Amino acid sequence: MRSAWLGSQPLAPIVWMGDQQTDFSAGDGQASVIPMMLGLGLTGFPYVGHDVAGYMSQNTVPTDRELWFRWVTLGALSPVMRTHHGRSARDNYQWEPDATSIAHLRTWSRLHMQLVPYQWGLAGAVERDGLPLVRPLGLEHPRAPGAWTTIDQFLLGDRLLVAPVLERGATSRTVALGAGRWFPLRGPALAHDGGADGAEVRVDAGLESIPALVPEGTLLVLWPDGVDSTEPAPARPAARTGDEVGADRDVWLWPGQPAGDVGRWNDEAGPAGAASWSWSGRGPAAAPAGATWNGAAVPLVPGPDEVAATVTGDGVLEFAGGGSLTISRGAPGATVTVRLRVGP
C-alpha cells in the first residue's frame with residue numbers, strides 16, 4: 001500500500017512511496033524517496049520500497065538513461081527493489097535498449113538478492129528491538145555531522161551506508177560518515193576516514209555505481225551469487241531458489257577492528273540467539289600470505305579486490321598476519337565462500 005496512518009503498521013506488510021515523478025527533484029522525484037523511507041521506518045513501517053526511475057511523468061520529462069541508472073542502484077540497496085514501466089511506458093527509459101543497461105540491472109538486482117540473509121536478519125531486529133531497516137545515521141552514529149538532520153543518505157541496517165547520487169550530471173557527492181575508517185561496499189579496500197566523531201567526505205560515483213560504504217571490520221553474510229527467487233519456482237525448473245541454497249553463504253569481510261556489532265552476525269541458518277558468525281578483524285588491507293581452516297592450510301584464491309577461501313561446516317578461519325572468522329551454526333554440510341577485501 002502507499003497510504004496509511006498510525007495504527008496501520010500490522011496491516012501494511014510493505015509501504016511503497018507512491019507515484020514519484022520521473023526526475024531528480026526533491027519535491028516528488030528520486031530525492032523524495034529517502035526522507036519518506038526514513039520517516040516510515042521511525043514510525044513503525046520497516047518494509048518500504050519505491051518504483052525504480054519513478055512513475056508519473058505529468059509536468060516533467062520522461063525517465064531518461066541517467067535517472068534510470070541512478071535509481072537502479074538506489075532500488076537495489078533498498079528493502080524492496082521494484083521496477084516499473086511508469087505512466088509513460090513507451091517514453092520512459094528501461095532496461096532493454098543496450099547491453100550496458102541490461103548488465104547494469106543484472107549486476108544490481110543480483111546484489112539485491114544476495115542481501116536477502118542480511119535483510120532477513122534486519123527483520124529480526126524489527127521484531128526484537130523495533131529498529132527499522134532504513135535508519136538515519138544518528139541511530140548508529142549519533143555524534144556524526146548531520147547525523148539527525150541529513151535526509152539524502154541512510155543506513156540499511158547497522159552497517160551499510162547508502163548515499164545515492166541525486167543530482168543530474170554529478171559524478172561525486174558529499175557523504176556524512178560515522179567515526180573510524182569506512183570502505184566501499186564494492187571494489188578495493190580504500191579507506192575514507194571518519195575521524196574520531198565522524199566527518200564529511202567526497203566520494204566519487206560513476207553512472208554505474210553508488211556511494212555505499214561499510215565501517216572497518218564489517219562482516220556481511222550473504223547468499224551466493226546467482227539466486228533467482230526467494231520462493232519456490234515450479235514453473236522454472238532451472239531457477240535457483242532460496243530453498244536450494246540452504247545454509248550455503250557468501251561472507252564478505254573488511255579489514256580493521258569492528259566497533260559495536262558490525263563484526264558479528266546471526267542469520268536464520270544458525271541456532272536462535274547464537275553468535276553464528278564472528279570476525280575479529282584484520283589490521284592492514286594488504287592480501288594475507290595464507291590462511292588455515294581449523295588449523296589446516298586452506299587455499300586462498302586471489303582476485304582484483306579480494307582473496308577468497310571456501311570452507312565447509314563450522315570452525316575457525318585464520319588469516320596469516322591477523323584476523324579470524326569463527327563460524328558456529330550447526331550446519332556441517334554447508335559451504336561458505338569467504339571473501340576478504342584487500343587494497344590495490
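Here is how the numbers come out for the structure above:
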item: Exposed GluC sites (Glu not before Pro) absent - longest run of the chain, DSSP non-H/G/I/E/B, at most 15 other C-beta within 10 Å; result: 1-166
item: Tensor-based shape of region 188-337 (alpha-carbon gyration tensor, a/c under 1.5 rounded, otherwise prolate or oblate); result: oblate
item: Sparse-neighbour loop sites [trypsin sites (Lys or Arg not before Pro); region 1-105; at most 14 other C-beta within 10 Å; DSSP]; result: 2, 90
item: Fraction of accessible area attributable to carbon and sulfur, the chain (%, probe 1.4 Å); result: 55
item: Around residue 155: net Lys/Arg minus Asp/Glu count, Cβ-Cβ under 11 Å; result: 0
item: Ellipsoid equivalent to region 218-270 - semi-axes via the Cα gyration tensor, in Å; result: 29, 11, 7
item: Residue among 143, 128, 159 with the largest mean-square fluctuation in a Gaussian network model of the chain, springs linking Cα atoms under 10 Å; result: 128
item: The chain, dipole about Cα centre (Lys/Arg Cβ +1, Asp/Glu Cβ -1), debye to the nearest 20; result: 100
item: Among 249-259, 15-25, the order from most to least packed when residues are scored by Cβ within 10 Å on average; result: 249-259, 15-25
item: Cβ-defined net charge surrounding residue 75, 11 Å radius [Lys, Arg +1; Asp, Glu -1]; result: +1
item: Accessible area (Å², per residue) of the chain, counting only protein heavy atoms and a probe of 1.4 Å; result: 43
item: Options [x] 147; [y] 184; [z] 155 - which one matches volume of the Cα convex hull per residue in Å³ as calculated here; result: [x]
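The values are calculated or read from the model by the stated rules, or taken from the named source; none is laboratory data. Note that this is a predicted model, so its numbers are computed, not measured. Here Cβ is always computed from backbone atoms with ideal geometry, including for glycine, and neighbour counts include all displayed protein chains. Note: accessible area is taken over every heavy atom of the protein model, side chains too, but ligands, DNA and RNA are not part of it. Shrake-Rupley method; radii C 1.70, N 1.55, O 1.52, S 1.80 Å.
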